[in-house]
1. Which number in (1) within 13 Å of the chain's Cα centre (by Cα); (2) modelled with pLDDT of 95 or more marks the one condition that Gln25 misses?
2. For region 126-140, how many residues are buried (at least 17 other Cβ atoms within 10 Å of the Cβ) and either within 10 Å of the ligand (Cβ to nearest atom) or assigned to a loop (DSSP other than H, G, I, E, B) (or both)?
3. Out of curiosity, is Phe123 among the aromatic types (Phe, Trp, Tyr), touching a helix residue (DSSP H, G or I) at 6+ places or on another chain (Cβ under 6 Å) and either part of a helix (DSSP H, G or I) or under 23 Å from Lys33 (Cβ atoms) (or both)?
4. Residues being of a type in the set (Lys, Arg) and more than 8 Å from the ligand (Cβ to nearest atom): count how many of those fall in region 72-113.
5. If I filter region 117-125 for residues that are touching a residue at least 40 places away in the same chain (Cβ under 8 Å), more than 10 Å from the ligand (Cβ to nearest atom), among the acidic types (Asp, Glu) and crowded, with 17+ Cβ neighbours inside 10 Å, do I get at least one hit?
6. Can you pull out the helices (runs of 4 or more DSSP H) entirely within region 33-98 that have at least 3 residues that are more than 11 Å from the chain's Cα centre (by Cα)?
Amino acid sequence: MKTLKILLIIGIVSFGLYSFDLYVQEEWDIPEKYIKMKNPTYANKENLAIGKALYSKHCKSCHGKTGIGDGPKADEFDIDIGDFSSKEFHEQTEGEIFYKSYIGRDDMPNYEKKIPDPEDMWFIVNHIKTLEEYLKTIDK
Ligand code: HEC
């Protein structure tokens, strides 16, 4: 009986540690060069329209229309895929957003081949930067 109890405790503890591990997401390791990168494009009407269209084509399936991470494919991941409407998200530099979007890591795909012109990714970044404002208008 005692052994059973001990085994049970070991089981619970290791399950706890395992689930804890799942929820601790590693920080991104972004090269300095990217963090300081300046957006070479302007967020005018025309560029924003291109960014929005590219976002719908490449990103919406996971990140969702408004960027909150509710796309149809988002359920495939048990990690946090980010919330492009949050204040914390917009506290990072545009270069950081560009790096995560273009280079990616693990489940976040790399887009260097699918979107060969980096300028197009900057158009997407411009669009993502508008999502916070957009959500403010529909939340309340
Ligand atoms: C197949 C699903 C999928 C698609 C499509 C996808 N992403 Fe992601 N994205 C993820 C996942 C999963 C993560 C979390 C990765 C991690 O933290 O390891 C992520 C993370 C991110 C992050 C970091 C979020 C944060 O909190 O800082 C950004 C920025 C991002 N994606 C941008 C994009 C852009 C832009 C596109 C389209 C060009 C795109 N993603 C397409 C799955 C996807």
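The values are calculated or read from the model by the stated rules, or taken from the named source; none is laboratory data. Everything numeric here is computed off the predicted structure, so don't read it as measured data. Quick reminder, even Gly has a Cβ in these numbers, built from the backbone with ideal geometry, and neighbours come from all protein chains shown.
1. Only one criterion is unmet by Gln25, namely (2).
2. Within region 126-140, residues that are buried (at least 17 other Cβ atoms within 10 Å of the Cβ) and either within 10 Å of the ligand (Cβ to nearest atom) or assigned to a loop (DSSP other than H, G, I, E, B) (or both) number 2.
3. On the way: among the aromatic types (Phe, Trp, Tyr): yes; touching a helix residue (DSSP H, G or I) at 6+ places or on another chain (Cβ under 6 Å): yes; either part of a helix (DSSP H, G or I) or under 23 Å from Lys33 (Cβ atoms) (or both): yes.
Answer is yes for this residue.
4. Of the residues in region 72-113, the ones of a type in the set (Lys, Arg) are 73, 87, 100, 105, 113.
Checking which are more than 8 Å from the ligand (Cβ to nearest atom) leaves us with 87, 113.
Final tally of qualifying residues: 2.
5. Among the residues of region 117-125, not one is touching a residue at least 40 places away in the same chain (Cβ under 8 Å), more than 10 Å from the ligand (Cβ to nearest atom), among the acidic types (Asp, Glu) and crowded, with 17+ Cβ neighbours inside 10 Å, which makes the answer no.
6. Where helices (runs of 4 or more DSSP H) fall fully within region 33-98 and carry at least 3 residues being more than 11 Å from the chain's Cα centre (by Cα), they are 45-58, 87-90.
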